[in-house]
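Everything below concerns the one structure shown next.
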Amino acid sequence: MTSAVPTPAVHKTVAELRRGLGAWRKSGERIALVPTMGALHAGHISLVELARAKAGRVVVSIFVNPAQFAPNEDFARYPRVFEQDLALLAAAGADAVFHPAPGEIYPEGFATTVSLAGPATAGLEDRFRPTHFQGVATIVAKLLIQALPDIAVFGEKDFQQLAVIRRMAADLDLPAQILGAPTLREADGLALSSRNAYLSERERKFAPHLNQAMQWAAGRIRAGEPLEAALRDARAAISGAGFNLDYLEVRDAGTLAPPAVGQIQGLRLLAAARLGTTRLIDNIAVDAAPAKG
Ligand code: AMP
């Protein structure tokens with residue numbers, strides 16, 4: 001016998017969301033929020049699972065946020081598959097879904113944004129998407145204020161975004177605890193992403209080269225080779241595999257600043273590269289193995 005999975009409550013307005021979550025809060029339940037843009041895959045579901053492990057109630061937001069797309073980016077063609085997402089979230093045990101219309105989030109006259117520095121101006125994604133993090137931070141601040149969760153879960157897949165949100169939550173005294181979740185990958189190393197759906201069959205075959213070149217560079221850095229040589233060769237390998245490389249950099253994993261002279265611990269390798277019209281991002285830890293004694 002199969003038991004039917006309950007469908008999560010769907011809230012379309014901030015008022016409905018607050019009523020639904022307010023009732024849980026009143027009965028003393030911990031609430032976790034998982035913000036997404038929908039087109040959900042197993043990576044998103046792993047965030048929901050982490051949220052369920054940490055809180056009694058899980059709310060997932062699905063909102064393709066126009067403010068974080070530049071005019072030349074893929075806002076119009078970004079996949080929107082709400083019914084499919086809802087079925088996945090029901091199966092994953094989410095309790096509620098917040099799915100507002102753009103006008104609910106950005107009503108006539110909307111004029112306020114969050115102003116960022118620190119990790120948001122590290123010279124990585126921000127160099128190529130100069131208005132992106134302001135759009136992300138503003139929607140995340142709004143969602144955290146709307147839902148007032150105890151916990152909010154974000155993927156390490158978007159590593160600079162996670163650093164920006166941690167910084168913002170600390171600086172603005174937003175009460176939610178920000179949790180990072182590891183990146184889920186295909187068997188060949190490609191990080192799961194809603195944008196992988198844009199890849200042609202041929203591009204999909206080449207896509208894992210990005211992560212492979214990053215693993216190669218990280219291994220060489222761990223083995224004590226100079227950063228610049230490892231980065232130079234990996235950049236050449238990525239371009240040679242047919243990517244247009246936006247950046248491949250090693251940074252301090254906490255601040256995203258360039259590594260201090262001689263720094264070998266707490267480093268992160270971050271990259272963005274385009275295959276045809278699809279832009280892929282990835283990042284991995286570069287922790288050196290502890291010295292053998
Ligand atoms: P998005 O819908 O792309 O805005 O992503 C929503 C959340 O899912 C963000 O916190 C992402 O970092 C996270 N996410 C996206 N892809 C993955 C992945 N492959 N593994 C883990 N988390 C992910």
Mean Cβ neighbour count within 10 Å, used as a protection proxy, ranking 182-195, 148-161 highest first: 148-161, 182-195
In whole Hz, with x marking every Gly and Pro, tabulate ³J(HN,Hα) for the range 272-282 from phi via Karplus 6.51 cos²θ - 1.76 cosθ + 1.60, θ = phi - 60°. 9, 8, 10, 10, x, 9, 9, 9, 10, 10, 7
Under a 5 Å amide H to amide H cut-off, with H placed in plane at 1.01 Å, what residues pair with TYR247 once short-range neighbours are removed? ALA272
Quick check: from the Cα gyration tensor, does the range 9-181 come out rounded (a/c under 1.5), prolate or oblate? rounded
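Per DSSP H run of at least 4 residues, take -39500 (n - 2.57); add these up for the chain, divide by its residues and hand me the 222 nm value, nearest 500 deg cm²/dmol. All intermediate terms of the calculation are to be shown ahead of the outcome.
On the way: 10 runs with 109 residues, N = 293.
Value at 222 nm, helices only, nearest 500: -11000 deg cm²/dmol.
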Tensor-based shape of the range 194-285 (alpha-carbon gyration tensor, a/c under 1.5 rounded, otherwise prolate or oblate): prolate
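Can you pull the percent of Cα pairs in the chain with separation above 23 Å?
58 percent
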Stretch gain in nm, segment VAL81-ARG127, where the contour uses 0.36 nm per residue and the Cα spacing is subtracted: 13.5 nm
Rounded to the nearest 20 Debye, what is the dipole magnitude of the range 62-157 about its Cα centre when Lys and Arg each give +1 and Asp and Glu each give -1 at the C-beta? 240 debye
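Starting from 0.36 nm per residue, how many nanometres of slack lie between SER27 and ARG222 once their C-alpha separation is accounted for?
Values: separation 195, 0.36 × 195 = 70.20 nm, distance 4.96 nm.
That works out to 65.2 nm of additional length.
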Give me, ordered by chain and number, the residues 5 or more places off GLY266 or on other chains with an amide H under 5 Å from its own placed amide H. ALA288
How large is the dipole of the chain about the Cα centre if only Lys and Arg carry +1 and Asp and Glu carry -1, each at its Cβ, rounded to the nearest 20 debye? 240 debye
Run down the aspartates and glutamates and flag those whose C-alpha is under 16 Å from the C-alpha of LYS54, throwing out any fewer than 8 positions away in its chain. GLU29, ASP95, ASP150
Taking only the alpha-carbon atoms of the range 153-223, the convex hull volume per residue, in cubic angstrom, is 112 Å³
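Rule-based calculations on the coordinates, nothing more; no lab input. Remember, predicted model here, so these are calculated numbers, not experimental data. Glycine gets a Cβ as well: all are built from the backbone with ideal geometry, and neighbour counts include every protein chain shown.
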